[in-house]
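Peer 1: Take a look at this one; I'll ask things after.
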């Protein structure tokens, strides 16, 4: 069973050993853009509000920007971190047509503009 951790329950100042580098969507202003490079694709994510974003970069599921709900990221056998995009983890989001999608492992995250 996945342990859910809410963004507002995280102390962002304290880093425990073994924590993953990444960013919480709640720490980004609306309109902020990220480039997320996974093992297989490079995604562009634009935050709209809270966990809602426009994502593009997958040739089948989002070749053009589409509005999704970002659930968060999870590692192999680890808890889903709600609203978090973490290096070394798999991004999970709710697609309006394909429902829950999980990316390959995130290699890099860059803030654009």
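Peer 1: For segment 53-76, does any single residue satisfy the condition of being at pLDDT 95 or above, surrounded by 15 or more Cβ atoms within 10 Å (Cβ to Cβ), assigned to a loop (DSSP other than H, G, I, E, B) and within 11 Å of the chain's Cα centre (by Cα)?
Peer 2: There is no residue in segment 53-76 that is at pLDDT 95 or above, surrounded by 15 or more Cβ atoms within 10 Å (Cβ to Cβ), assigned to a loop (DSSP other than H, G, I, E, B) and within 11 Å of the chain's Cα centre (by Cα).
Peer 1: Also, I was wondering about something else. Working only within segment 91-104, note down all residues that are without any contact (Cβ under 8 Å) to a residue 24 or more places away in the chain and buried (at least 17 other Cβ atoms within 10 Å of the Cβ).
Peer 2: Passing the criteria: only 92.
Peer 1: Same structure, new question: Going by what's in this entry, would residue 47 be described as in a strand (DSSP E or B), under 17 Å from residue 106 (Cβ atoms) and modelled with pLDDT under 95?
Peer 2: no
Peer 1: A further question on this structure: Would you please name the residue that is modelled with the lowest pLDDT, looking only at residues in segment 77-102 that are over 11 Å from the mean Cα position of the chain (by Cα) and under 17 Å from residue 21 (Cβ atoms)?
Peer 2: Among them, the one singled out is 78.
Peer 1: Same structure again: Give me the pairs: first residue in segment 53-79 and at positive phi, second residue assigned to a strand (DSSP E or B) and surrounded by fewer than 15 Cβ atoms within 10 Å (Cβ to Cβ), beta-carbon distance under 7 Å, and six or more apart or on different chains, which are they?
Peer 2: Pairs found: 57/42.
Peer 1: Of everything in segment 29-44 that's in contact with a strand residue (DSSP E or B) (Cβ under 6 Å, 6 or more places away or on another chain) and assigned to a strand (DSSP E or B), which residue is farthest from residue 108 (Cα to Cα)?
Peer 2: 33
The values are calculated or read from the model by the stated rules, or taken from the named source; none is laboratory data. Small disclaimer: the values here were computed from a predicted structure and weren't measured. Counting neighbours? That spans all protein chains shown, and the Cβs are built from the backbone with ideal geometry, glycine included.
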